[in-house]
Amino acid sequence: MAESAYKEMWEKLNLDIDAHEGLLEVLGKFYGDIYLSQQGRLQGAEYLDFVLSEVHGLRIKELQDAKAQGRKIIGSFCVFVPEELTLAADAVHVGLCSGADAGTEMAETMVPRNTCALIKSFVGFKLAKICPFTESCDVVVGETTCDGKKKAYEAFAEHVNMYIMEVPQQKNACDHDLLRAEMKRYMEELEKLTGKTIGVDDIKKGIAIANGKRKAIQGLNALRKADPAPISGRDALLINQISFYDDPVRFTAKINELCDEIEARIEKGEGVAPKGTPRLLLAGCPMAVPNWKLPYIVEGSGAVVVGEESCIGSRNIRDLVDEDATAKATTVDELLDLLTDRYMKIDCACFTPNDERLDNIADMAEELGAQGVIHYALLFCQPYSHEAFKVDKTLQAKGVPMLAIETDYGMEDVEQLKTRIEAFVETLES
Amino acid sequence: MFAGIDIGSRSIELILLEDGGVVRSGRLPTTFDPAAQCRTLLDGVRPKRLVATGYGRSLMEKLAGELAPGLDVQTVTEIKAHALGAHHRFPEARTVLDIGGQDTKAIALLPGGKVGKFEMNDRCAAGTGKFLEYTAGVFQIPVEEFGTYALQGDAAPDITSMCTVFAETEATSLMAQGEKPQNIALGLHEAIVKRTANMLSRVGLQFPVVFAGGVAHNPCVRELLSRKLNARLGEELLVSDDPDMNGALGAALWAARQS
Ligand code: SF4
Ligand code: SF4
């Protein structure tokens, strides 16, 4: 998947070269089977293929170049970590993917076996020395969204430079205050790290970039209302995944181009699947690269995925920082308030109660014309597994059928999942 | 003529329909070469359409060209096939339970035999035919006789493990403690039934219930399940003479319906 020209760079990053090669090989094969085999793909997907083929190559080189210029690299695992502030500090913000089953056995020496695959993956990637993003980070920002992560970060901190951000679990005024204080504390941490004082214009710039990225994906999602579906769910997921680690300005431009192409396609009535193909919404846990298992199975079962209610999906892009208010703001404090307002709208399952999410899923299903919802929870993920029951109830009341899936990154349940998903699609058809 | 073939983990069943009636049925163990078994079953058969179901359903799509050029092959899931088969045999049925070799499914039926809600075991073989096969091995009894043997028990010890392998361990340790083997066998059957009843309640159990799949032959599971579901008079489980052909029948019906 990448050239040996990068070998020197990987060696410098202290990757385990053999293990890393193995990972790239699997990733490349996976990508070929799941992505390149698709019919009628958009031309703009070339960008996706390119980014992915260079994910451990060119992009890492860019990170090293940025570092050489004195910029800092911040890694995160959660959409609660405000990218706007990272950008305001002129640092690079990358989402650490953790979507593959690698280094799991090593991870299990540090975290309990009954831990979700996402946690095991980020720990495993580090211990197995196969992730050049993790190795490039100056700081990894963790957050207290679930007990699994909270405790895993304690162990992880023995291996990377960790900073922990507290995320509230309710949405009262005092919780708002807590997040507001955490925004400030994160900003100060960035200032310490970069030696730069963050000013009003810096934050405004950060907000503009992050909002721009979110608006591009919002535009894409709006186009997905069309029937026939103009883009596959796999490609859409990939776009959401790439949004976490490609350069945000380049990403925004490319996605806007892609949206133009999609518009032209919709005008011609073309799509990736025939008109009338059953449309499904995926809802639940984040699907980090290269976790393409579920959309691949769904789209191999005669359905098309038209939306992702997930952190690698709508939850990350639905809300913008208020642009008018940002334009009028004159102090850092005001801007931190606006950021806090935006982030408090995130409907992560770690909140209690979290009823907004139920409405959001129902709204999304309606807007996108989805006939059914597949709720996805990683095995051992308490928050999302719990919410599956509530989501089901809400959707049932609206007459939208739902299928709850609990799985991990392993492949041993693929046949069973196929049967369940195909059967679910059959119930929508006949 | 229309054909339905159910390629399961343990056996393969074939049903041929003509003018709405079954004209031929056949059954072979799956073995390690299911393709060869399919060929044998379909030897000389030229249906207008063949619908495959079961765990190996996609195998038939691959075999299609080789079996007969231009043969129209389609697939449906076991869930749909069992719903169609059960509805055909028992039009009044509201719920279907299918316990096969490696899967257990509970299906709520809508009018007309459509699937409402369904549940399926994920990942492991707990509570499936495999569980019985495996544990019967501990008693060195053919699985076909295991149910009758278990019915001789009078007090079932609690088998707490749903895991096939752990349940075996539990059974052997109960034996070591001197528990009557018939009772242990009964306990193992109880364990399956408990799990199955939970699954049925998750799809919103409604009577009448059709019990299909190979395990429906097992008298002990049938007996315990009727008791557990508290079947009132006239609401016992509906079991056909050949419950293991239900999936193939459903597939054949779907083949015929597509005209
Ligand atoms: S699901 Fe919750 S914890 Fe996970 S990335 Fe999203 S907001 Fe963060
Ligand atoms: S998937 Fe669930 S359990 Fe795992 S880190 Fe995210 S919230 Fe925690």
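The values are calculated or read from the model by the stated rules, or taken from the named source; none is laboratory data. Note that this is a predicted model, so its numbers are computed, not measured. Heads up, the Cβs are rebuilt from the backbone with ideal geometry, glycines too, and the neighbour counts pull from every protein chain shown. For the accessible areas, the whole protein counts, side chains as well, though only heavy atoms, and no ligand, DNA or RNA atoms are used. Shrake-Rupley method; radii C 1.70, N 1.55, O 1.52, S 1.80 Å.
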*Specify the inter-centroid distance of the range A:110-173 and the range B:40-88, based on alpha-carbon positions, in whole Å.*
48
*Would you calculate a helix-derived [θ] at 222 nm for chain B, using -39,500 (n - 2.57) for each DSSP H run of n ≥ 4 and dividing by the full residue count, to the nearest 500?*
-13000 deg cm²/dmol
_If packing is taken as the average number of other Cβ atoms within 10 Å across a peptide's residues, how do A:362-374, A:82-94 rank, most packed first?_
A:82-94, A:362-374
*Entries in A:K12/A:K184; A:K126/A:K205; A:K129/A:K254; A:K184/A:K205 that, when Cα-Cα distance is taken, lie over 23 Å*: A:K12/A:K184; A:K126/A:K205; A:K129/A:K254
*With chain B treated as a Gaussian network of Cα nodes joined by springs under 10 Å, which of B:G70, B:G112, B:G213 yields the largest mean-square fluctuation?*
B:G70
*GNM on chain A, C-alpha springs below 10 Å: top fluctuator among A:I164, A:I203, A:I255?*
A:I164
*Just from the alpha-carbon atoms, what are the Rg and Dmax of the protein assembly as shown in angstroms?*
27.9, 85
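Roughly what % antiparallel, to the nearest 5, for the DSSP beta bridges in the protein assembly as shown?
Roughly 35 percent of the DSSP beta bridges within the protein assembly as shown come out antiparallel.
DSSP H helices in chain B with Cα extent of 24 Å or more along the helix axis and mean Kyte-Doolittle hydropathy at least -0.5?
B:181-202
Do any GluC sites (Glu not before Pro) in the range B:75-120 lie in a loop, going by DSSP, with at most 11 other beta-carbon atoms within 10 Å of their beta carbon, and if so which?
Of the GluC sites (Glu not before Pro), the ones in loops of the range B:75-120 whose Cβ has at most 11 other Cβ atoms within 10 Å are B:E92.
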*To the nearest Å, what is the center-to-center distance of the range A:1-75 and the range B:162-202, using C-alpha atoms only?*
51
*Could you check which residue among A:K150, A:K345, A:K12 shows the biggest mean-square fluctuation in a GNM of chain A with a 10 Å Cα cutoff?*
A:K12
*In square angstrom, what is the accessible area per residue of the range B:92-239 with a 1.4 angstrom probe?*
44
*Cα gyration tensor shape of the range A:1-145, rounded if a/c is under 1.5, else prolate or oblate by comparing a/b with b/c*: rounded
*Between the range A:354-412 and the range A:280-340, what's the alpha-carbon centroid distance in Å?*
15
_Amide hydrogen neighbours beyond the local backbone of B:S161, cut-off 5 Å, H modeled_ = none
*How big is the B-A contact in terms of buried accessible area, both chains counted, 1.4 Å probe, rounded to the nearest 100 Å²?*
1500
*asked:* Per DSSP helix of 4 or more residues, -39500 (n - 2.57); summed, then divided by the residues of chain A. What does that give at 222 nm, rounded to the nearest 500?
replied: -16000 deg cm²/dmol
_Antiparallel bridges, percent of DSSP beta bridges restricted to the range B:92-239 (to nearest 5)_ = 65
*Taking every DSSP beta bridge that has both residues in chain B, what percent is antiparallel when rounded to the nearest 5?*
65
*Once the Cα atoms of the range B:92-239 are picked out, what are the Rg and Dmax in Å?*
15.1, 52
